[in-house]
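Shown next, in structure tokens, is the structure this report addresses.
Bear in mind that the values in this text are calculations on the coordinates, not laboratory data. Every value quoted in this text rests on a predicted model; they were computed, and no experiment measured them. Ideal geometry is used to build each Cβ from the backbone, glycine not excepted, and the neighbour counts take in all protein chains shown.
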């Protein structure tokens, strides 16, 4: 299936996904989702895993019938209002862009934390996780902030995204922050349904 982007107002992504699931016939699309990413926040001597939207305002959808899907979306009252207000767009992704996203996303459409093995002074010996797939696209790394700035191409536009990293000393005692928009259970785990913060 071809990948497309439904571009909407930032903060309205989840509402749009729910609208598609409720009102668009299943045969017109495969999946509809928001891309999220894990980041490691360090607070009060604890490592906090936070999950956030990677591309604010973007909802991804797959379809074999893009024209029929678009016409269906246009008929929905909510979509018609958004189109009239220039707050909605239906954009196609290049195959290379979609293939790249498939490489770095897990089955929950989350970009998990990447592990970096370093000498403690900035030299990297090994990268494991999503960043291993795009090491040549890293613009810079902030080890203290636990992120790497990476260049992405989405719909032909270059986007800079901060992707989370973990170092060797971070792997003991991690708190997952459910109340800050995240769902999951620790570094690199696949379980995405948890109701509270906890240590793993």
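Test residue 8 against the stated conditions and say whether it is crowded, with 17+ Cβ neighbours inside 10 Å and under 18 Å from residue 105 (Cβ atoms).
Details: crowded, with 17+ Cβ neighbours inside 10 Å: yes; under 18 Å from residue 105 (Cβ atoms): no.
Spelling it out, it is not the case that residue 8 is crowded, with 17+ Cβ neighbours inside 10 Å and under 18 Å from residue 105 (Cβ atoms).
Mind checking whether some residue in region 16-37 is more than 15 Å from the chain's Cα centre (by Cα) and in a strand (DSSP E or B)? For region 16-37, residues more than 15 Å from the chain's Cα centre (by Cα) and in a strand (DSSP E or B): absent.
Where in region 41-116 are there strands (runs of 3 or more DSSP E), lying fully within it, with 2 or more residues that are touching a residue at least 24 places away in the same chain (Cβ under 8 Å) and closer than 30 Å to residue 142 by Cβ? Before you say what the answer is, go through the steps one by one.
Details: elements: 46-53, 58-63, 89-92.
Here the list reads 46-53, 58-63.
Scanning region 37-88 for residues that are touching a strand residue (DSSP E or B) at 6+ places or on another chain (Cβ under 6 Å) and surrounded by fewer than 15 Cβ atoms within 10 Å (Cβ to Cβ) yields one hit, 46.
Here is the figure for region 96-132: residues that are more than 20 Å from residue 59 (Cβ to Cβ) and touching a strand residue (DSSP E or B) at 6+ places or on another chain (Cβ under 9 Å) total 19. Of the strands (runs of 3 or more DSSP E) that lie entirely inside region 123-171, those containing 1 or more residues that are without any contact (Cβ under 8 Å) to a residue 40 or more places away in the chain, more than 23 Å from residue 96 (Cβ to Cβ) and over 16 Å from the mean Cα position of the chain (by Cα) span 124-128, 138-142.
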